[in-house]
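S.K.: Pasting a structure below so you can have a look.
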Amino acid sequence: MAKVRLRIGVRMRAVVAVAVLGLGVTACGAATDAHPADRPLAKLSATLGADGTTISVGDAAAKSTVSLHEDMRCPVCRDFEVDGGAPHLAELARNRKVKIEYTLASFLDDRVGGSGSKRAVNALRAALEQNKFVEYHDVLYAHQPEEAIDGFTDAYLLELADQVKGLHTPEFEKAVKTMRYKDFVSRSQRAYEHADVPGTPTMAIDTMQLTGLSYNALFDKEEFKYLMTTVLDAK
């Protein structure tokens, strides 16, 4: 799906100030070449949620929970993670203001062909076993292939794992090549479907999904920071 990105500025601030949210939602457009970002998220641990599908990053006792639905092949997710508000979200998690809960979908494999989303989610689940999920998640988005290219092959996933110190072990390589966590991949996709969200990325702060101008703030660092400050200060 094509994404409409607005320059929101003062207009966005007015919406947030009056409504303090009307939050959900979506898109997937053309990817661009990615560059690694300086991300404090790598200093955080990740755990598998009790539901067996959610991957939780940050302090479990944080006052607010940010839920993210993503597909690793989705270029709009990449826009949020690399160029948009995700670095600030990581900073909030590091400062224990929020915890982040990821649900990793793989619907783009069926939509555009291939198995790259499934393989990337399987590899991320394998990285979780070595407490390397957060670093590897960042690396995969920073080097995301074009959406139409089924670029997350085993070889490429292992090549990118070399950028995360201590991740590319024989055990990790075996997990990637054998799709060890294919059941997790399937459960995560079903969880995404049952959540009835409009696409990826979808973000919610506690029970409030981002929509409209609030959603567009995901892709602007300053507007996202203002949005999060407004919402969290209101709690």
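The values are calculated or read from the model by the stated rules, or taken from the named source; none is laboratory data. In this text the structure is predicted, and so the values were computed from the model without any measurement. Note that each Cβ is placed from the backbone with ideal geometry, even for glycine, and that neighbours are counted across all protein chains shown. To get the accessible areas, we keep the full protein, side chains included, count just its heavy atoms, and leave off ligands, DNA and RNA. Shrake-Rupley method; radii C 1.70, N 1.55, O 1.52, S 1.80 Å.
S.K.: State all residues of the stretch 121-143 that are closer than 17 Å to Met179 by Cβ and within 12 Å of the chain's Cα centre (by Cα); if no residue qualifies, say none.
M.R.: Val121, Leu124, Tyr136, Leu140
For every residue, the table says whether it meets (1) open to solvent by 10 Å² or more (accessible area, probe 1.4 Å); (2) in contact (Cβ under 8 Å) with a residue 12 or more places away in the chain; (3) not aliphatic (A, V, I, L, M).
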residue	(1), (2), (3)
His168	yes, no, yes
Phe172	no, yes, yes
Val185	no, yes, no
Met203	no, yes, no
Leu227	no, yes, no
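S.K.: When the stretch 58-92 is examined, which residues are found to be of a type in the set (Lys, Arg) and either at positive phi or out of contact with any strand residue (DSSP E or B) (no Cβ under 9 Å at 6 or more places or on another chain) (or both)?
M.R.: Within the stretch 58-92, Arg73, Arg78 qualify.
S.K.: Can you pull out every residue in the stretch 220-235 that is in a helix (DSSP H, G or I), of a type in the set (D, E, K, R) and under 20 Å from the mean Cα position of the chain (by Cα)?
M.R.: Correct list: Lys221, Glu222, Glu223, Lys225.
S.K.: Looking at Glu159, is it free of Cβ contacts under 8 Å to residues at least 24 places away in the same chain, of a type in the set (Asp, Glu) and surrounded by fewer than 18 Cβ atoms within 10 Å (Cβ to Cβ)?
M.R.: Considered against the rule, which asks whether it is free of Cβ contacts under 8 Å to residues at least 24 places away in the same chain, of a type in the set (Asp, Glu) and surrounded by fewer than 18 Cβ atoms within 10 Å (Cβ to Cβ), Glu159 comes out as yes.
S.K.: Scan (1) farther than 17 Å from Thr207 by Cβ; (2) touching a strand residue (DSSP E or B) at 6+ places or on another chain (Cβ under 7 Å) for the single condition Ser45 breaks and write down its number.
M.R.: Result: Ser45 passes all but (2).
Residue-wise test of (1) of a type outside the set (A, V, I, L, M, F, W, C); (2) surrounded by fewer than 17 Cβ atoms within 10 Å (Cβ to Cβ).
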{"position": "Leu108", "(1), (2)": "no, no"}
{"position": "Asn122", "(1), (2)": "yes, no"}
{"position": "His143", "(1), (2)": "yes, no"}
{"position": "Val176", "(1), (2)": "no, no"}
{"position": "Lys182", "(1), (2)": "yes, yes"}
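S.K.: Are any residues in the stretch 149-205 over 18 Å from Gly116 (Cβ atoms), touching a strand residue (DSSP E or B) at 6+ places or on another chain (Cβ under 6 Å) and either part of a loop (DSSP other than H, G, I, E, B) or small (Gly, Ala, Ser) (or both), and if so, which ones?
M.R.: Answer for the stretch 149-205, where residues must be over 18 Å from Gly116 (Cβ atoms), touching a strand residue (DSSP E or B) at 6+ places or on another chain (Cβ under 6 Å) and either part of a loop (DSSP other than H, G, I, E, B) or small (Gly, Ala, Ser) (or both): Ala191, Val197, Ala204.
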